[in-house]
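Beneath this line is the structure, given in C-alpha cells, with notes to follow.
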Amino acid sequence: QVQLVESGGGLVQPGGSLRLSCAASGSIFSIAAMGWYRQAPGKGRELVATITTGGSTNYADSVKGRFTISRDNTKNTVYLQMNSLKPEDTAVYFCYANISWRDRWGQGTQVTVSS
C-alpha cells in the first residue's frame, strides 16, 4: 500500500511563510515526478509546482518567485516552501507523485492566508 502523507498546512497572515512536506511510504519501486497542486473553494484543482527526479522544476506563474519546491530522494519526500503568502493562496494543497508508474495523491492539507 503506497501512501502520500502531507504536513505543514495551517493559518498564516499575509506576507508570512509556511513549509509543506509530503512523504511517500509503502511498496515503492521508483518515484518519477513529484509536485503540489491546490484547490480553492469553488475552483478546480490547479498546478502549483512540480519537480523531476533530477531536480528540474516548473511553477505556476502565480507563485513564481515566492514558492520553492524541492525533494529529498533518500527520504521519498517533496517540500514546498511558501513565502510572501497572499490571501489568494488560500486553498487545500495536494501532494502528487508518480510512483512505480502510477499517479498518486495525498489527502490534502489546508492553507489559509488571512489577517
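The values are calculated or read from the model by the stated rules, or taken from the named source; none is laboratory data. Bear in mind that the values here come from a model prediction, so they are computed numbers and not experimental data. All Cβ positions, glycine included, derive from the backbone under ideal geometry; neighbour counts span all protein chains shown. Side chains included, ligands, DNA and RNA excluded: accessible areas come from the protein's heavy atoms. Shrake-Rupley method; radii C 1.70, N 1.55, O 1.52, S 1.80 Å.
Projected label points at Arg45 and Ser100, each 7 Å from Cα along the beta carbon direction, are separated by 2.0 nanometres.
By the Kirkwood approach, averaging reciprocal distances over each pair of separate Cα atoms, the range 39-95 gets a hydrodynamic radius of 12.3 Å.
All distinct Cα pairs of the chain go into the 1/r average, and the inverse of that average, the Kirkwood radius, is 14.1 Å.
Of interest is the spacing of the C-alpha centroids, which for the range 94-114 and the range 32-64 amounts to 10 Å. Per atom type, the chain shows carbon and sulfur on 47% of its accessible surface, probed at 1.4 Å.
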